[in-house]
Amino acid sequence: MSNQVIVLSEKELPKVLRFYETNKVTRNAPGVIFAAKIADTSITAYRSGKVLFQGAGADREAARWGTVTKVTPSGAKGDTLPANFASLSVLGSDETGTGDFFGPVTVAACFVSSDQIELVKELGVKDSKQLTDAYMQHIAEDLKRVVTYSVLTLDTIKYNEIQSRGWSQGKIKAILHNQALQQVLDQMHPVLPEHILIDQFAERRVYYNYLKDESSIIQDKVFFSTKAENLHVSVAIASILARVAFLEAMDQLSTKAGVTLPKGAGPKVDQIACQIIRKKGEPFLHSITKVHFANTQKALNLAYKK
Ligand code: MG
């Protein structure tokens, strides 16, 4: 569900109330002066001049009245986005695997034009919290046939090499996002997205500082926001494609290791890592993990205790 809040002056507010008068409903909540419900949107006006639009049509209804202050779905932080952002043609990017001891970092970028939005929703892109790994794997192939995308996989060997040269995870992510976005822009050429949205992991200034030595730096029309997968389907799909690439790599590594590799970086991960040291040796473990994680030492302690 999408939420939009606008703030109106004393002069503008009565216009909104008149517009929705025939759909008026009663709502006895503190500060509420007016409430209405239309087919896909609830409208609530407050004494403060704030009007809240909730539901599938929230962007559209809020846009009628101009001055949208901010898209605010469930606590997203970041740039103020244009009104009805969710319905624009957007190139989005997201990554996976940075919190997982085993397996690569994967980054995906994906362009969805405004006229593809309904179709990709039809193909099963919905609120990310409802998406299981199996479901994402199920819909990924169909999505790939529809959208323009790029998926980059940074395997653990390369990851460990650049990490040991002093690259932070932030820098690694920034460079991969920038590359994935560039690859999609190249494929789209000469078409351009209306906007670019990056699922935010660093402040804008920090992000571009990471990129300062890159030959091509994508800056035009770029927005940053956390929880960006809820702001545009392009990021939701990028998130799915990155996750699916990560899962594929984990399957391959599990086969190589002879054990199902767990995700994350918890105690289960330490135990499996310990087993792998005993069966296949330390160098093998290092080749399939992010060595700088604390799990490495924990697994070594488990493997060599007593
Ligand atoms: Mg993200």
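The values are calculated or read from the model by the stated rules, or taken from the named source; none is laboratory data. Only a predicted model underlies this, so the values are computations on that prediction, with no experimental measurement involved. Virtual Cβ from ideal backbone geometry, glycine too; neighbours counted across all protein chains shown. SASA here: full protein model, heavy atoms, side chains in, ligands and nucleic acids out. Shrake-Rupley method; radii C 1.70, N 1.55, O 1.52, S 1.80 Å.
For the chain, a Kirkwood radius taken over Cα pairs fed into Stokes-Einstein (37 °C, viscosity 0.692 mPa s) yields D = 153 µm²/s.
Compared with the dominant principal axis of the Cα atoms in the chain, helix 295-304 is inclined by about 30°. The range 156-203 and the range 98-117 have Cα centres lying 10 Å from one another. Relative to the dominant Cα principal axis of the chain, helix 169-188 is inclined by about 70°. Packing around the peptides 214-225, 10-21, taken as the average count of other Cβ atoms within 10 Å per residue, puts them in this order, highest first: 214-225, 10-21. Rg then Dmax, both in Å and based on the Cα atoms of the range 85-252: 15.0, 45. In whole Å, what is the distance between the alpha-carbon centres of the range 270-306 and the range 241-265? Their Cα centres are 16 Å away from one another. A 1.4 Å probe run over the range 85-252, with the rest of the protein chains in place, finds 43 Å² accessible per residue. What is the angle, in °, between the Cα long axis of helix 133-146 and the longest principal axis of the Cα atoms in the chain? Nearest 10 is fine, range 0 to 90. With both axes taken from Cα atoms, the answer is about 70 degrees. For the range 226-300, what log10 I(q)/I(0) values come out of the Debye formula at q = 0.17, 0.27 1/Å, with one point per alpha carbon and no solvent? Result of the Debye calculation: -0.69, -1.21. Each residue of the range 101-115 is assigned a 3J(HN,Hα), and the resulting list reads 5, 7, x, x, 9, 10, 10, 10, 10, 8, 9, 10, 7, 4, 7 Hz, derived from the Karplus form 6.51 cos²θ - 1.76 cosθ + 1.60 (θ = phi - 60°), x at Gly and Pro. Taking the chain as a Gaussian network, Cα atoms linked when under 10 Å apart, which of L154, L119, L81 shows the biggest mean-square fluctuation? Highest fluctuation of the listed residues: L119.
Taking the three principal axes of the alpha carbon atoms in the range 3-65, the coordinate ranges are 26, 23, 20 Å, sorted in descending order. Principal axis extents of the C-alpha atoms in the range 256-304 (largest first, rounded to whole Å): 22, 21, 16. Carbon-plus-sulfur accessible fraction, the range 85-252 (probe radius 1.4 Å, protein heavy atoms only): 47%. Listed values for the range 49-55 are Karplus-derived 3J(HN,Hα) couplings in whole Hz (6.51 cos²θ - 1.76 cosθ + 1.60, θ = phi - 60°), namely x, 6, 10, 9, 10, 10, x, and x replaces Gly and Pro.
Each helix, a run of at least 4 DSSP H residues, gives -39500 (n - 2.57); summed and divided by the residues of the chain, these come to -12500 deg cm²/dmol at 222 nm. Per-peptide packing, taken as the mean over residues of other Cβ atoms within 10 Å, places 256-266, 34-44 in the sequence 34-44, 256-266 from highest down.
Packing-based ranking of 85-91, 145-151, 155-161, 236-242 yields 236-242, 85-91, 145-151, 155-161, ordered from highest to lowest mean Cβ neighbour count within 10 Å. For L197, the amide hydrogen comes within under 5 Å of the amide hydrogens of L91, G92, S93, F223, counting only partners 5 or more places away or on other chains and with H modelled in the peptide plane. Springs between alpha-carbon pairs under 10 angstrom, Gaussian network model over the chain: which of V233, V291, V206 fluctuates most? Ranking V233, V291, V206 by mean-square fluctuation puts V206 first.
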